[in-house]
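What follows is a set of notes on a single structure, which appears directly below.
The values are calculated or read from the model by the stated rules, or taken from the named source; none is laboratory data. This is a predicted model, so every value here is computed, not measured. Because the Cβ atoms are built from the backbone with ideal geometry, glycine has one as well, and the counts that use them run over all protein chains shown.
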Amino acid sequence: MSKKNTLGITVKKEENFSEWYTQVIQKAELIDYSPVSGCYILRPNAFNIWEKVREYFGDLIKKDGVKDAYFPLFIPESLLVKEEKHVEGFAPEVAWVETGGHTKLKERLAVRPTSETIINDTYSRWIRSHKDLPMRLNQWCNIVRWEFKHPVPFIRSREFLWQEGHTVFAAKKEAEKEAYKILDFYEDVFTDLYAIPVLKGKKSRSETFAGAEFTLSVEAFLPNGKAVQGATSHHLGQNFSKAFDIKFHDENEKYQYAWQNSWGITTRSIGIMIMMHSDDKGLVLPPKVAELQVVIIPILFDDTKEKVLKEASKIQDRLEKQGFSVHLDGREEYSPGWKFNEWEMKGIPVRIELGPRDLKNKQVTLVRRDNGEKTQVVISKIDVRSILEDIQSSLFKKADKFLKDNIVKAGNQKEAEKAISSGKMIFVPWCENDPCEDRFKEKTGAKTLNSPFKQPSVAGKKCFNCGKKANSWFYFGKSY
């Protein structure tokens, strides 16, 4: 294999999606593999993206009154089993600690698969009066779920990073209102930050979070024909407050059980972004999540090197003063072409090329990473801001068109099966019965994604799969 092929992506996205994705995340220096299967090392290029999410989403929830806290990684087994449906849902994925050093523990400790139980045990001590409510806390942390399915970096791993919000209210209406509001925030993360459109709605009964009354989600659809859950917001009702005795004196001095929510987004969202936007040259980054937005590559020759580097530095200074993150790649041991390929691989949104001929003409060549478009621009009129804004917008429009083009409205089983087999997702009238979903999943590999809040009429409609009375419209698709 030639050096060029070794450095670049050697397969096409459309022909071998899995291998293409594996090469992108490694060659763009996003992921490295650890000695533990399903546990991955997030390199700085990936962690920088997560920091953008933390900053963006963290700002949204803090402005809304949520405060950050931190709770322990280890959860006593006696706490984990307090909410029956919850522990049943997570039991297969829990990693346990049974010894400390050489001493067997008196009680097993679960390595945090989610924090409802340990946080609610704490809330039962902190909450006494309606004056203590609402209590709205969030933590940024790692989670361990011992998945036995095929691990996929970012998308499905045994350890991942996320935020988890856990909130307590005096009234059901308040809690439900927040659950929907947080989902709107998650939609903003995907649409505004990642430039990815999502389907927003309510999960089916079988896909509802263990211990919740209902689960809301945002779902994305990827170029490999698979849907993926982007983030979830759960209304827990009083299930946990009753299990953990979270009661408060109301204004009439009567005891009431509290109403609760939990909600989270994970580093899976990075994988969704990579799969959606990237191409056969490597990573494509929406400018809003790019740590480095512009790279300047000077074309160096011995007799003009000093002048070209001096002008390149001036351009860098001017752009940095305008608030952009800029790197000047002055390395002389690599050819310009090699550097073009390297920065394309890493997804930097804008490349500025400057050589002696450009310098003579007082211009630069601007190259967009999203579509490869090249334009010659007078040095004094370089407008990076409008280009970055257009890249962000163009990536979203392209992804939005892809989503809409891949939703098939199916009215019967035959149409639904044909659409799924051709790599589409379906939008169908459904009876909402678990056995019906199980049969369709067994036959096609597709499951429910969610049901949109704005529903077409189901009057007179029959379930697409079993023919019984339809209760709502649902999205179905093959999914991670």
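Pairs needed: first member in the stretch 393-405, under 12 Å from VAL198 (Cα atoms); second member anywhere, assigned to a helix (DSSP H, G or I) and not aromatic (Phe, Trp, Tyr); C-beta distance under 6 Å; at least 6 residues apart or different chains.
From residues that are under 12 Å from VAL198 (Cα atoms), the pairs are ALA399/MET276.
Report, by residue number, each residue of the stretch 444-473 that is part of a strand (DSSP E or B) and touching a Pro at 6+ places or on another chain (Cβ under 8 Å).
LYS462, SER472, TRP473
Wholly within the stretch 323-410, which strands (runs of 3 or more DSSP E) include no fewer than the required count, namely at least 3 residues that are polar (S, T, N, Q)?
So the answer is none; nothing clears 3.
Looking for whichever is closer than 25 Å to ASN239 by Cα, touching a Phe, Trp or Tyr at 6+ places or on another chain (Cβ under 6 Å) and touching a residue at least 40 places away in the same chain (Cβ under 8 Å) here; the options are GLU88, GLU83. Which one fits?
GLU83
Residue pairs, Cβ under 9 Å, 6 or more apart or interchain, first in the stretch 288-303 and under 17 Å from ASP370 (Cβ atoms) and in a strand (DSSP E or B), second modelled with pLDDT of 95 or more and polar (S, T, N, Q). List them.
VAL294/GLN316; VAL294/SER325
Got a number for residues in the stretch 304-317 being assigned to a helix (DSSP H, G or I) and either within 23 Å of ARG156 (Cα to Cα) or in contact (Cβ under 8 Å) with a residue 40 or more places away in the chain (or both)?
5
Taking the stretch 368-392 as the search range and keeping residues that are of a type in the set (Val, Ile, Thr) and in contact (Cβ under 8 Å) with a residue 24 or more places away in the chain, which one is surrounded by the most Cβ atoms within 10 Å (Cβ to Cβ)?
Result: ILE391.
In the stretch 140-182, which residues are over 15 Å from the mean Cα position of the chain (by Cα), assigned to a loop (DSSP other than H, G, I, E, B) and not hydrophobic (A, V, I, L, M, F, W, C)?
Scanning the stretch 140-182 gives ARG145, GLU147, LYS149, HIS150, PRO151, ARG158.
Look at the stretch 223-277 and say how many of its residues are farther than 30 Å from ASP32 by Cβ, of a type outside the set (Ser, Thr, Tyr) and assigned to a helix (DSSP H, G or I).
Residues meeting the conditions: 4.
Which of the following residues is closer than 25 Å to GLU88 by Cα and over 12 Å from the mean Cα position of the chain (by Cα): GLY225, GLY211?
Of the residues listed, the single one that is closer than 25 Å to GLU88 by Cα and over 12 Å from the mean Cα position of the chain (by Cα) is GLY211.
Among the residues of the stretch 59-71, which ones are touching a residue at least 40 places away in the same chain (Cβ under 8 Å) and either over 16 Å from ASN120 (Cβ atoms) or surrounded by fewer than 13 Cβ atoms within 10 Å (Cβ to Cβ) (or both)?
Matches in the stretch 59-71: LEU60, ILE61, ASP64, GLY65, VAL66, LYS67, ASP68, ALA69, TYR70.
Quick check on my filter: what residues within the stretch 109-139 are among the aliphatic types (A, V, I, L, M), part of a loop (DSSP other than H, G, I, E, B) and touching an Asp or Glu at 6+ places or on another chain (Cβ under 9 Å)?
LEU133
Can you confirm whether the stretch 442-464 contains a residue that is touching a residue at least 12 places away in the same chain (Cβ under 8 Å), closer than 30 Å to GLU15 by Cβ and loosely packed, with under 14 Cβ neighbours inside 10 Å?
So far as the stretch 442-464 goes, yes, one or more of its residues are touching a residue at least 12 places away in the same chain (Cβ under 8 Å), closer than 30 Å to GLU15 by Cβ and loosely packed, with under 14 Cβ neighbours inside 10 Å.
With the requirement that a residue be of a type in the set (S, T, N, Q) and surrounded by fewer than 17 Cβ atoms within 10 Å (Cβ to Cβ), what does the stretch 305-334 give you?
Matches in the stretch 305-334: SER313, GLN322, SER325.
Say whether the condition of being out of contact with any Leu (no Cβ under 8 Å at 6 or more places or on another chain) and among the aromatic types (Phe, Trp, Tyr) is met by at least one residue in the stretch 123-131.
Checked the stretch 123-131: at least one residue is out of contact with any Leu (no Cβ under 8 Å at 6 or more places or on another chain) and among the aromatic types (Phe, Trp, Tyr).
Please report, ordered by residue number, the helices (runs of 4 or more DSSP H) entirely within the stretch 1-99 with at least 1 residues that are among the charged types (D, E, K, R) and touching a strand residue (DSSP E or B) at 6+ places or on another chain (Cβ under 9 Å).
Passing ranges, in order: 17-27, 44-63, 77-80.
Got a number for residues in the stretch 373-399 being closer than 11 Å to PRO349 by Cα and among the polar types (S, T, N, Q)?
1
Among (1) without any contact (Cβ under 8 Å) to a residue 60 or more places away in the chain; (2) over 26 Å from the mean Cα position of the chain (by Cα); (3) in a loop (DSSP other than H, G, I, E, B), which single condition is GLU432 missing?
If we test GLU432 against (1) without any contact (Cβ under 8 Å) to a residue 60 or more places away in the chain; (2) over 26 Å from the mean Cα position of the chain (by Cα); (3) in a loop (DSSP other than H, G, I, E, B), just (1) comes out false.
Being closer than 30 Å to ALA227 by Cα and not hydrophobic (A, V, I, L, M, F, W, C) narrows it down to one of GLY337, GLY323, GLY282, GLY330, so name that one.
Answer to the selection: GLY282.
Can you confirm whether the stretch 198-213 contains a residue that is outside any loop (DSSP other than H, G, I, E, B), under 19 Å from VAL66 (Cα atoms) and in contact (Cβ under 8 Å) with a residue 12 or more places away in the chain?
Within the stretch 198-213, none of the residues are outside any loop (DSSP other than H, G, I, E, B), under 19 Å from VAL66 (Cα atoms) and in contact (Cβ under 8 Å) with a residue 12 or more places away in the chain.
When the stretch 245-300 is examined, which residues are found to be touching a helix residue (DSSP H, G or I) at 6+ places or on another chain (Cβ under 8 Å), among the aromatic types (Phe, Trp, Tyr) and surrounded by fewer than 24 Cβ atoms within 10 Å (Cβ to Cβ)?
PHE248, TYR257
Select from the stretch 335-364 the residues that are in contact with a strand residue (DSSP E or B) (Cβ under 9 Å, 6 or more places away or on another chain), within 15 Å of VAL308 (Cα to Cα) and surrounded by 17 or more Cβ atoms within 10 Å (Cβ to Cβ) and list them in ascending order.
ILE352, GLU353, LEU354, GLY355, ASP358, GLN363, VAL364
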